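The values are calculated or read from the model by the stated rules, or taken from the named source; none is laboratory data. Only a predicted model underlies this, so the values are computations on that prediction, with no experimental measurement involved. When we count neighbours, we look across all protein chains shown, and the Cβ atoms used for this are built from the backbone with ideal geometry, even at glycine. Please note that ligands, DNA and RNA were not included when accessible areas were found on the heavy atoms of the full protein model with its side chains. Shrake-Rupley method; radii C 1.70, N 1.55, O 1.52, S 1.80 Å.
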Amino acid sequence: MQYFIDVILPVPLERLFTYSITKAESEFLNPGMRVAVPFGKSKIYTALVYRIHQTKPEVYEAKPIHQILDEQPIITSQQLKLWDWISKYYICTLGDVLRAALPSAFLLESETIISKTDLEFSNESQLKDDEFLVYEALYHQSALKVQEISNILDKKNVLPVLKRLLEKELIKIDEEIYEKYRPKLVRYVKLNDSYQTDGALEILLDNLSRAPKQREIILTFFSLSAATTKPIKVSELIEMSKSTSSQIKVLIEKEILEAFHIQTDRVAYSGEQTEGLKELNTHQQKALAEIKKSFETQKVCLLHGITSSGKTEIYVKLIADALEKGEQTLYLVPEIALTTQLVSRLQHYFGAQVAVFHSKYSLNERVEVWNKVLQNSKNSQIVLGARSSVFLPFNNLGLVIVDEEHEQSYKQFDPAPRYHARDTAIVLANLHNANTLLGSATPSIESFFNATKADKYGFVTLNRRHNDVMLPEIELIDIKDKHKRKRMKGHFSDKMILEMSEALEQDYQIILFQNRRGYSPIVECNTCGHSPQCPNCDVSLTYHQYKKQLRCHYCSYHMSMLIKCMACGSTEMDSKGFGTEQVEKEVHQLFPEAKVARMDLDTTRGKHGYERIITAFEQQEVDILVGTQMLTKGLDFRNVKLVGIMNADNMLNFPDFRAHERSYQLMQQVAGRAGRTKERGKVLIQTYNPYHKILQQVSNNDYLGMFNEQLDERYNFKYPPIYRLVKITLKHRDYAKVNEGADWLAVALRQVFKQHVLGPEFPPVSRIRNQYHKNLLLKIPQNQSLGKTKEAILKIKNSFSSVKSFRPIRVVLNIDNY
Ligand code: ADP
Ligand code: ZN
Ligand code: ZN
């Protein structure tokens, strides 16, 4: 009797590969364990066992495996089921899923680059001979490929050696250096508890009489604390006492002062483990009861709660329930970098039970969270994470929360698997028989449809803000009229300027939203009309004044700003349209006294970029915050009275069937940042089309009106949620080839899918990084079998790839395209 395993390899090939194993190995192995296998001419890969069987492959000779790498499965059977679903639903390979799901430390292969860690080992005898050889080699050469190490050891299979060294933390896998996650940056000091009494304090000052500088620092600390109820920043203390950070450090080391980070360490600071949960207001209590009731009959529930209604507090209660039952919670957020506020809020309540997972964390951190979740450790009962956290090895999942469920960043674009984390999370929850709560102030049309029309989800609304603060008053400003009557200064209407001055006078903060970064998206010659384009993409270059550059937002191309027109040499260059940089500059000119900050991709790139800006705004060190849609994602600022949307029109005119839905969501979400805790806020929207129905719906908070109208359109034009969409994109350097391929594919698809095929059509930006893109859209009626449809698509795709001249064309399938 022969034994075989089918394994998943981290390569984008359609099928599983079969290797032969011995009888003993077959008894030891289980699905979800890793094995080292030969692949291709000389490569070695880490592969994952998918199935153990006795059927000899027909077309090729199964090679034996090199080695078994695990004693126990590192992937649970539920995870394998989820992977299966993803690969079937999103039409991708299990190899694609494997690469997205597993931290790369689990997937050593020939090309992986290894280097030494800083850890020194004390005793050579701790290492086996082969381990020592690798270690020594890395001492002389800072980084080596697995293949090279294999040559040095003169041994084919070095993965087990490397795995042991990884576990001993003597070597590491080279990757981009990611920032370690740190929730807060601002450091504060307080007096150590033991000096809090008057008597102790006097003794301290006496003791310090021989250290006059230290005494002075303490005295400065006192005068500062007397003047404010706010905690004292280290930076402030240094400045006021004219001291240095090392002098402060000495006082901290002497345990006279104590340093803390205001949000994250408040738990430790108050000496308590966690703070009690907030008591829900009556509306929240009612919503919570309804959610629980709905979970009795339906596994998924949509909570439609307006901004600042306290959805988070409701989530927290559900998490507390799950904790009590000893169940794990997965709390999905669209973007971890923007949730520093949420992390500290959860840590207040649940202390160390909260683990944060992000694909941008260092490998070690990811592996650490992975292992904790696998072991069902106390320290990861609640996992807060962005979309990739659906891949964690939960084993006792009781609750999934998808916050801001409408956010499009839940959908992965590239590379495959192009999964939607919300929908994947629902499948994950079902595999665990867990409940899912979707929350949003502006639900996606899909989810609202599933809850209110299709009866797939339970549905609960919460339409009061906490403390009954009113929703902000939203006013539309007709800037066409303002221009005509010369009431504009730059891009600011007189009304906007007036409201801004008032808000500033009353010490309130302001948020200005412009959905474009840079200074202006188009530069144009006044004489000949030429405008500089990206050489690699089909777009105009955006002017970035701060860097004096023209930059492409689709590839990394940039050049210095032109002095003369490239076409005619004229020096009269003009710019069209405006981005956040220009708004910031105009604000500086209009309000020279105000402190302005900008939050967009350009200002948040660096170390802790987001946090610095969010914290500064939170601490009211900034009066006016200018930003892109980053501003919309669930931030909770307490002192914002006014929100200005500089131009609503370019969002509305975006050529996409979701453009109106998205504009509504974006504007409502930015609007929701205003007046969250105190007085009623105000929102001003500048537009050329004040009668646009979406703007009317935004200003009346008419979600239902928006939903019904959009749903009608989706019916009429056969779009989701009425039809499913498969977008097929062809990519190639050669324009003619893409055209030819797309036409061929269109004919083949039409034979099967008839009138449900749209295109081929070039997208608005038809060339990106020198690749032409052309799209075909497939609309699948709800009653049509999804499995069969996908089979047919795959079949067509395969015969496409078998045409020799089409083979180099990349064909990308995107299901439920967002
Ligand atoms: P949402 O997520 O719905 O926008 P949040 O949960 O962020 O709203 O709540 C808005 C603000 O109101 C937060 O600062 C929160 O701490 C506060 N809040 C909400 N509910 C309560 C409550 N029951 N008791 C005290 N504060 C609350
Ligand atoms: Zn010109
Ligand atoms: Zn470009």
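Whether any residue in region 602-619 is hydroxyl-bearing (Ser, Thr, Tyr) and within 16 Å of ligand 2 (Cβ to nearest atom) is what I want to check. Among the residues of region 602-619, not one is hydroxyl-bearing (Ser, Thr, Tyr) and within 16 Å of ligand 2 (Cβ to nearest atom), which makes the answer no.
Within region 478-494, restricting attention to residues that are more than 30 Å from LEU562 (Cβ to Cβ), open to solvent by 50 Å² or more (accessible area, probe 1.4 Å) and assigned to a helix (DSSP H, G or I), the residue that is nearest to ligand 1 (Cβ to nearest atom) is ASP494. One residue stands out among those in region 414-440 that are among the small types (Gly, Ala, Ser) and modelled with pLDDT of 95 or more: the one that is nearest to ASN814 (Cα to Cα), which is ALA421. Among the numbered conditions (1) in contact with a strand residue (DSSP E or B) (Cβ under 6 Å, 6 or more places away or on another chain); (2) outside any strand (DSSP E or B), the only one that MET559 does not meet is (2). Within region 506-525, the presence of at least one residue that is among the acidic types (Asp, Glu), under 30 Å from VAL622 (Cβ atoms) and either surrounded by fewer than 18 Cβ atoms within 10 Å (Cβ to Cβ) or within 16 Å of ligand 3 (Cβ to nearest atom) (or both) is confirmed.
The set of residues in region 561-592 being open to solvent by 80 Å² or more (accessible area, probe 1.4 Å), more than 16 Å from ligand 2 (Cβ to nearest atom) and touching a residue at least 12 places away in the same chain (Cβ under 8 Å) consists of GLN589 alone. Of all residues being open to solvent by less than 30 Å² (accessible area, probe 1.4 Å) and of a type in the set (Ser, Thr, Tyr) in region 265-307, which is modelled with the highest pLDDT? Just the residue, please. In this case the residue turns out to be SER294.
Does GLU475 meet the test of being more than 16 Å from ligand 3 (Cβ to nearest atom), surrounded by fewer than 24 Cβ atoms within 10 Å (Cβ to Cβ) and either in contact (Cβ under 8 Å) with a residue 24 or more places away in the chain or basic (Lys, Arg) (or both)? Don't jump to the end; show me each part of the working.
Working: more than 16 Å from ligand 3 (Cβ to nearest atom): yes; surrounded by fewer than 24 Cβ atoms within 10 Å (Cβ to Cβ): yes; either in contact (Cβ under 8 Å) with a residue 24 or more places away in the chain or basic (Lys, Arg) (or both): yes.
Yes.
For region 526-544, residues that are within 16 Å of ligand 3 (Cβ to nearest atom) and either among the polar types (S, T, N, Q) or open to solvent by less than 40 Å² (accessible area, probe 1.4 Å) (or both) total 12.
Cβ-Cβ distances below 7 Å connect the following pairs, each with a first residue in region 620-642 that is among the small types (Gly, Ala, Ser), a second residue that is modelled with pLDDT of 90 or more and open to solvent by 10 Å² or more (accessible area, probe 1.4 Å), and a separation of six or more residues or different chains: GLY627/ARG598; GLY634/ASP403; GLY634/GLU404. Among the residues of region 789-818, just one is within 30 Å of CYS534 (Cα to Cα), open to solvent by less than 50 Å² (accessible area, probe 1.4 Å) and part of a helix (DSSP H, G or I), namely PHE806. Just one of ALA322, ALA386 is closer than 22 Å to ARG612 by Cβ and open to solvent by less than 20 Å² (accessible area, probe 1.4 Å); which is it? Only one candidate qualifies: ALA386.
Identify the residue in region 547-556 that is assigned to a loop (DSSP other than H, G, I, E, B) and surrounded by 14 or more Cβ atoms within 10 Å (Cβ to Cβ) and, among all such residues, is nearest to ligand 1 (Cβ to nearest atom). So that I can check it myself, show each step before the final result.
Of all residues in region 547-556, those assigned to a loop (DSSP other than H, G, I, E, B) come to 547-548, 552-556.
Next, only the ones that are surrounded by 14 or more Cβ atoms within 10 Å (Cβ to Cβ) stay: 547, 552-555.
Working: LYS547: 35, CYS552: 36, HIS553: 30, TYR554: 33, CYS555: 36 Å.
For region 547-556, the residue satisfying everything is HIS553.
Scanning region 727-759 for residues that are more than 17 Å from ARG807 (Cα to Cα), hydrophobic (A, V, I, L, M, F, W, C) and open to solvent by 20 Å² or more (accessible area, probe 1.4 Å) turns up VAL747, VAL752, LEU758. Cβ separations smaller than 6 Å between residues 6+ apart or across chains give the following pairs from region 533-555 residues that are free of Cβ contacts under 8 Å to residues at least 24 places away in the same chain and farther than 14 Å from GLY579 by Cα to residues that are within 6 Å of ligand 3 (Cβ to nearest atom) and open to solvent by 40 Å² or more (accessible area, probe 1.4 Å): CYS534/TYR557. Here GLY458 passes the criteria (1) more than 16 Å from ligand 1 (Cβ to nearest atom); (2) open to solvent by 10 Å² or more (accessible area, probe 1.4 Å) except the one numbered (2). For region 442-455, a residue qualifies if it is open to solvent by less than 90 Å² (accessible area, probe 1.4 Å), of a type outside the set (A, V, I, L, M) and assigned to a loop (DSSP other than H, G, I, E, B), and the qualifying residues are THR442, PRO443, SER444.
When ALA736 is tested against the conditions (1) in contact (Cβ under 8 Å) with a residue 12 or more places away in the chain; (2) part of a helix (DSSP H, G or I); (3) aliphatic (A, V, I, L, M), the lone failure is (1).
Does at least one position in region 654-670 carry a residue that is away from ligand 2 (no atom under 16 Å from the Cβ), touching a strand residue (DSSP E or B) at 6+ places or on another chain (Cβ under 7 Å) and part of a loop (DSSP other than H, G, I, E, B)? No: region 654-670 contains no residue that is away from ligand 2 (no atom under 16 Å from the Cβ), touching a strand residue (DSSP E or B) at 6+ places or on another chain (Cβ under 7 Å) and part of a loop (DSSP other than H, G, I, E, B).
I'd like to verify a number: residues in region 645-660 that are crowded, with 24+ Cβ neighbours inside 10 Å and more than 25 Å from the chain's Cα centre (by Cα), how many? Steps first, answer last, please.
Initial filter on region 645-660 (crowded, with 24+ Cβ neighbours inside 10 Å): 645-646, 648.
Now drop any that are not more than 25 Å from the chain's Cα centre (by Cα), which leaves 646.
The qualifying residues number 1.
Report, by residue number, each residue of region 57-99 that is open to solvent by 40 Å² or more (accessible area, probe 1.4 Å) and under 24 Å from ALA421 (Cα atoms). Break it down stepwise before answering.
Here is the first cut: in region 57-99, the ones open to solvent by 40 Å² or more (accessible area, probe 1.4 Å) are 58-61, 63-64, 66-68, 71-73, 77-78, 81, 85, 88, 99.
Hits for region 57-99 are SER77, GLN78, LYS81, TRP85, LYS88, ARG99.
Among the residues that make up region 275-287, is at least one of them in contact (Cβ under 8 Å) with a residue 40 or more places away in the chain, in contact with a Lys or Arg (Cβ under 6 Å, 6 or more places away or on another chain) and away from ligand 3 (no atom under 16 Å from the Cβ)? Among the residues of region 275-287, at least one is in contact (Cβ under 8 Å) with a residue 40 or more places away in the chain, in contact with a Lys or Arg (Cβ under 6 Å, 6 or more places away or on another chain) and away from ligand 3 (no atom under 16 Å from the Cβ), which makes the answer yes. Listed by position, the helices (runs of 4 or more DSSP H) inside region 33-144 whose residues that are touching a residue at least 40 places away in the same chain (Cβ under 8 Å) and in contact with a Phe, Trp or Tyr (Cβ under 7 Å, 6 or more places away or on another chain) number at least 1 are 77-89, 94-101.
The residues of region 221-241 that are open to solvent by 20 Å² or more (accessible area, probe 1.4 Å) and at pLDDT 80 or above, listed by number, are PHE222, SER223, LEU224, SER225, LYS233, SER235, GLU236, ILE238, GLU239, MET240. The residues of region 760-788 that are small (Gly, Ala, Ser) and either open to solvent by less than 30 Å² (accessible area, probe 1.4 Å) or more than 21 Å from TYR90 (Cα to Cα) (or both) amount to a single one, SER766.
Tally up the residues in region 672-700 that are away from ligand 1 (no atom under 14 Å from the Cβ), open to solvent by 10 Å² or more (accessible area, probe 1.4 Å) and either within 18 Å of SER308 (Cβ to Cβ) or not aromatic (Phe, Trp, Tyr) (or both), please. Outline the logic, then answer.
Just the residues of region 672-700 that are away from ligand 1 (no atom under 14 Å from the Cβ), to begin with: 679-680, 682-700.
In the following step, the residues that additionally are open to solvent by 10 Å² or more (accessible area, probe 1.4 Å) were identified as 679-680, 682, 688-693, 696-697, 699-700.
Next cut, either within 18 Å of SER308 (Cβ to Cβ) or not aromatic (Phe, Trp, Tyr) (or both) only: 679-680, 682, 689-690, 692-693, 696-697, 699-700.
Selection size over region 672-700: 11.
Of everything in region 739-779 that is farther than 20 Å from ALA416 by Cα and assigned to a strand (DSSP E or B), the residue that is nearest to ligand 3 (Cβ to nearest atom) is ARG767.
Evaluate region 616-629: report whether one residue or more is open to solvent by less than 30 Å² (accessible area, probe 1.4 Å), assigned to a helix (DSSP H, G or I) and farther than 28 Å from TYR688 by Cα.
Within region 616-629, the first condition is being open to solvent by less than 30 Å² (accessible area, probe 1.4 Å), and the residues that meet it are 616-617, 622, 624-628.
Pick out the ones that are also assigned to a helix (DSSP H, G or I) and you get 616-617.
Now narrow it down to the ones that are farther than 28 Å from TYR688 by Cα: 616-617.
Yes, there is a match, as at least one residue in region 616-629 is open to solvent by less than 30 Å² (accessible area, probe 1.4 Å), assigned to a helix (DSSP H, G or I) and farther than 28 Å from TYR688 by Cα.
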